[in-house]
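> Take this structure first; my questions come after.
The values are calculated or read from the model by the stated rules, or taken from the named source; none is laboratory data. Just so you know, these numbers come straight off a predicted model, no measurement behind them. In this analysis, Cβ positions are derived from the backbone assuming ideal geometry, glycine residues included, and neighbour counts consider all displayed protein chains.
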Amino acid sequence: MLDRLKDIEKTGLAALESVKDPAALDIWRVAHLGRSSPLMQVFSGLGQLSKEERPAVGQAANRVKVALEAALAERTEAVKAAAMAKSLEEEELDVTLPGRGVRLGRLHPSTQQLRRVQDILSDMGFQVYTSREVETDEINFQALNFPPHHPAREMQDTLYIDAGERGDNPILLRTQTSPGQIRAMREYSQKNPENPPPIRIAVPGMCFRSEQITARSEVQFNQVEGLAVGEHITFADLKGTLSDFARRMFGQNVRTRFRASYFPFTEPSAEMDVECFVCGGTGCPVCKQSGWLEILGCGMVHPLVLENGGYDPRRYTGYAFGMGPERQLMLRYKIDDIRYFWGNDMRFLEQF
């Protein structure tokens, strides 16, 4: 058996010397170190040897295996080096060619539109106010005139975080940027409770709803909330502000309309539509064949909401509106599916 192991080692090393490419190396490895190789058969037969022979044969077999593996590793490096030398000798490299340019990143189209909206509102006197994405039920609903179990809560399918742990005030992902109204009014009114200062803010941010994903709706979306509170503010101020915003965003000849609507935190309430730029007003799936696309909801701030924010509704009035930047992008660029914005398809994103 010891003589057989010497022959196995000698044969393997001799065969390895003629190997000159990676494919042949793999063939050699299977033939001399694989499961069916003569060496592995020796290991399989150790149990049939006597107790006196077994240690000597086992040690010799291990020594042969180590020798063959070391020779294989050395030969592998030599083959790689030879292949590299041949490549450098035969292949030409034009070092005068210019290098490949580094691809620069860019802002997501939703971020670009958010900044555009903020720029327009800033020019109109609105200050950007940042509010949190994780809210309490009290701020997201109750202070905005959504009492617990109110039917209007069904308008927004809410994503709760700990619905069963905090009673009537669970933690949730905000369904709208309107909670920023309450936080801003309370922050401003605390500075001077007897004579709170006027407010004119824009609240941008991400909102979340448990909705079925369609061409017009997503589970996450950006929104920009607008709020103006002061003395003698009327619905005419609201309409003039939003009409001017639409002209700045979509062009001086844009057609708009206001429709009566309902929101618990505004009274009266309305929705503002812009003529659908995707179909030119003739009707398409994006505008539900109506020729118009809603870009925001608005209204006069409800007296109860003013009171919850620390402003006396007998002295102060205000208006609020909420708009979706992705919906506006669909209008500007004739995009027929809102899901493109979060699909991460580079062919779509690189167009902006």
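> Residues of region 212-257 being among the acidic types (Asp, Glu), loosely packed, with under 14 Cβ neighbours inside 10 Å and more than 18 Å from PRO325 (Cα to Cα), which ones?
Across region 212-257, the qualifying residue is only GLU231.
> Here is a list of conditions, (1) of a type in the set (D, E, K, R); (2) surrounded by 12 or more Cβ atoms within 10 Å (Cβ to Cβ); (3) in a helix (DSSP H, G or I), and LYS20 meets all of them except one; can you say which number that is?
Tallying (1) of a type in the set (D, E, K, R); (2) surrounded by 12 or more Cβ atoms within 10 Å (Cβ to Cβ); (3) in a helix (DSSP H, G or I), LYS20 fails exactly one: (3).
> Let me ask something additional. Go through (1) over 48 Å from the mean Cα position of the chain (by Cα); (2) free of Cβ contacts under 8 Å to residues at least 60 places away in the same chain; (3) surrounded by 11 or more Cβ atoms within 10 Å (Cβ to Cβ) one by one and return the number of the condition SER50 breaks.
The number of the failed condition is (3).
> Now, a different point. Could you give me the residue pairs with C-beta distances under 6 Å whose first residue belongs to region 329-352 and is assigned by TED's automatic domain parsing to the domain that holds GLU218 and within 20 Å of GLN212 (Cβ to Cβ), whose second residue is modelled with pLDDT of 85 or more and not acidic (Asp, Glu) wherever it lies, and which are 6+ apart or on separate chains?
TYR340/PHE348; PHE341/SER110
> Filter region 111-161 down to the residues that are assigned to a loop (DSSP other than H, G, I, E, B) and within 23 Å of the chain's Cα centre (by Cα) and list them by number.
Hits for region 111-161 are TYR129, THR130, SER131, ARG132, GLU133, GLN156, ASP157, THR158, ILE161.
> While we're on this one: Residue under question is GLN181, and the condition is that it be crowded, with 20+ Cβ neighbours inside 10 Å, closer than 20 Å to ALA320 by Cβ and more than 25 Å from the chain's Cα centre (by Cα); does it hold?
Here the answer is yes, as GLN181 does meet what is asked.
> Another one. Criterion first (of a type in the set (Phe, Trp, Tyr) and free of Cβ contacts under 8 Å to residues at least 12 places away in the same chain) does TYR316 satisfy it?
In short, no.
> Please find, among ALA184, ALA143, the residue that is within 16 Å of VAL305 (Cβ to Cβ), in contact with a helix residue (DSSP H, G or I) (Cβ under 7 Å, 6 or more places away or on another chain), modelled with pLDDT of 90 or more and among the small types (Gly, Ala, Ser).
ALA143
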